[in-house]
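The values are calculated or read from the model by the stated rules, or taken from the named source; none is laboratory data. Keep in mind the model is a prediction, meaning the values are calculated, not measured. Neighbour counts run over all protein chains shown; Cβ positions are idealised from the backbone, glycine included. Quick note on the areas: whole protein, heavy atoms, side chains included, nothing else; ligands and nucleic acids left out. Shrake-Rupley method; radii C 1.70, N 1.55, O 1.52, S 1.80 Å.
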Amino acid sequence: MLAKVFSAAVRGVEGYLVEVEADVSPGMPTFFTVGLPDVAVKESKDRVRAAVRNSGYDFAPGSYTVNLAPADTKKEGPSFDLPIALAVLIATRQMVAVRRDKIAVVGELSLDGALRGVHGILPIAVALRDEGFKAFVVPKENAKEAALVDGLDIFALETLAQAAELLEGRLTPEPFKVDLQEEFTQAAHYALDLVDVKGQEHAKRALEVAAAGGHNLLMMGPPGAGKTMLARRLPTILPRLSLDEALETTKVHSVAGMLPPNQALVATRPFRSPHHTISSAGLIGGGSYPRPGEVSLAHHGVLFLDELPEFERHVLEVLRQPLEDRRVTIARAQISLTFPASFTLVASMNPCACGYYGDPNHSCTCSPASIRRYRSKISGPLLDRIDIHLEVPAVPYRELSADRSGEPSSVVLERVNAARDLQQKRYAGTGIHSNAGLSSKMIRTFCQPEPEAQQLLHQAVDRLGFSARAYDRVLKLARTIADLEDVPTITAAHVSEGIAYRSLDRKFKV
């Protein structure tokens, strides 16, 4: 007998419908799974056999064939265990499904028939709703995530037997519900705050400029200066995630299996800090069936690369495409997938290999050639994509021991939001959302400095040897600084501060 149960899977960060068909006929005991299954899907026959028997049903000898359609798309993971088991029970006439239309099922089975959670529930639920499905059966631990999608009844179950009873109409549980807005509000909380940072007022100001204009940032200073501490607090002064952005970010984390326990929604801007030994596939995404990498897990958040020169050069070079396109495309022989990757890059480095070049409290042991070699590990094209180069010196003891604290993140965030609102209005209809995204042509239109500021820029180009790219970046930074002050024109003071944020353009010329 032939039976069909609807399920779904994930391709990239989007869900798609899968029809699970089971055919059972007399013959030699065999179990074939077709439709491009991976190893985990092929192994489902053993989990299904044990789960069916331990749930009180019979798994009679015979020829079992399971097809996962569409057959030309590779299927991954254990999420097909439950629909395969239900299809087998229907095909062997051990149950009569009266609720098969517009209801989909996913879930991993343990050997005793209990349901275990799976990855990618949010994009699957969105796809099912868009396909017109009315109900979705999920393991209990995935219920909150699935219930984020409106227009879909979510049935959170614990066992295969419950799922069978639900399809038969003998079990009629209430659909699982969550208050999306309340879930979003409760999760939108940062544990860190900019007020925790003692001293480093100029560095905090640079972080504010970076947040206000969406600029990438490179901090250079000796060990212990507070570069990592500052970077971890940048998300707290970035504009709060909108609900749509939170859902986009949650999709990526759901597919990667990175959602924290008991949390269905990523409501704060992600902060990802991979170790410098990471591979290019780990950073950008990859694998035989591509998975999102760190740049995608940092979507709508911050990607922090500590000790930037310690990363392999070829690993850093793969950052160029996502920094420009705000997405990353990974092509394989059988599939090509695109993952979102709109993030703010924050990097840190020592001024030299020993870390103390220019530090008045420590003597540097590096030769000029060694310093040049250390800094040259960062390529020019990557450096060109970083707007702010910030020197972060060690904090004097008197500032560390002072009782005075700086501004909290909430106060800085108000100024950042006001500047972003100006940019949204200015660039309405252009596809640009912040000053960092301005093209050279748009810079000439929106970043015209006053005559005195223009003269200062010319002097910087002549005396400091700024390139054309550095010239454009100073103008973008000056535009952001002017926006923070809510003034329409770019003055010499704005340009002067922008020039101060381009230290490596001067000091790389040893």
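Observations, loosely collected:
- Screening segment 42-89 for residues that are at pLDDT below 95 and among the aliphatic types (A, V, I, L, M) and picking the one that is farthest from Leu160 (Cα to Cα) gives Ala71.
- Segment 381-394 residues that are in the same structural domain as Ala203 (by the TED database) and at pLDDT 85 or above, paired with ones that are open to solvent by 10 Å² or more (accessible area, probe 1.4 Å) and basic (Lys, Arg) (beta carbon under 8 Å, 6 or more apart): Leu382/Arg320; Arg385/Arg320; Asp387/Arg473; Asp387/Lys476; Val392/Lys227
- Complete set of residues in segment 106-140 that are part of a loop (DSSP other than H, G, I, E, B) and open to solvent by 40 Å² or more (accessible area, probe 1.4 Å): Leu111, Asp112, His119, Glu131, Lys134
- From the options Ala428, Ala418, residue that is more than 23 Å from the chain's Cα centre (by Cα) and modelled with pLDDT under 95: Ala428
- Total residues in segment 217-231 satisfying the condition of being charged (D, E, K, R) and surrounded by fewer than 21 Cβ atoms within 10 Å (Cβ to Cβ): the figure is 0.
- Residues that are out of contact with any helix residue (DSSP H, G or I) (no Cβ under 7 Å at 6 or more places or on another chain) and without any contact (Cβ under 8 Å) to a residue 24 or more places away in the chain were ranked within segment 457-492; the one that is most open to solvent (accessible area, probe 1.4 Å) is Arg463.
- Residue within segment 9-17 that is more than 18 Å from Tyr289 (Cβ to Cβ), in a strand (DSSP E or B) and open to solvent by 10 Å² or more (accessible area, probe 1.4 Å) present: yes
- Residue-level check: of (1) under 30 Å from the mean Cα position of the chain (by Cα); (2) more than 18 Å from Arg11 (Cα to Cα); (3) open to solvent by 10 Å² or more (accessible area, probe 1.4 Å); (4) among the hydrophobic types (A, V, I, L, M, F, W, C), Phe59 misses just (1).
- Arg326 open to solvent by 70 Å² or more (accessible area, probe 1.4 Å), modelled with pLDDT of 85 or more and more than 24 Å from Ala212 (Cα to Cα): no
- Residue list for segment 287-307, restricted to those being at pLDDT 95 or above and over 27 Å from Glu245 (Cβ atoms): none
- Subset of segment 141-161 that is assigned to a helix (DSSP H, G or I) and either in contact (Cβ under 8 Å) with a residue 40 or more places away in the chain or not assigned by the TED database to the domain that holds Ala104 (or both) - its residue that is farthest from the chain's Cα centre (by Cα): Ala161
- Residue within segment 398-417 that is open to solvent by 40 Å² or more (accessible area, probe 1.4 Å), of a type in the set (Gly, Ala, Ser), touching a residue at least 60 places away in the same chain (Cβ under 8 Å) and not in a helix (DSSP H, G or I) present: yes
- In segment 27-47, the count of residues that are buried (at least 21 other Cβ atoms within 10 Å of the Cβ), of a type outside the set (Lys, Arg) and over 35 Å from the mean Cα position of the chain (by Cα) is zero.
- Taking segment 162-177 as the range and being outside any helix (DSSP H, G or I) and surrounded by fewer than 17 Cβ atoms within 10 Å (Cβ to Cβ) as the test, the residues that pass are Gly169, Arg170, Leu171, Thr172, Pro173, Glu174, Pro175, Lys177.
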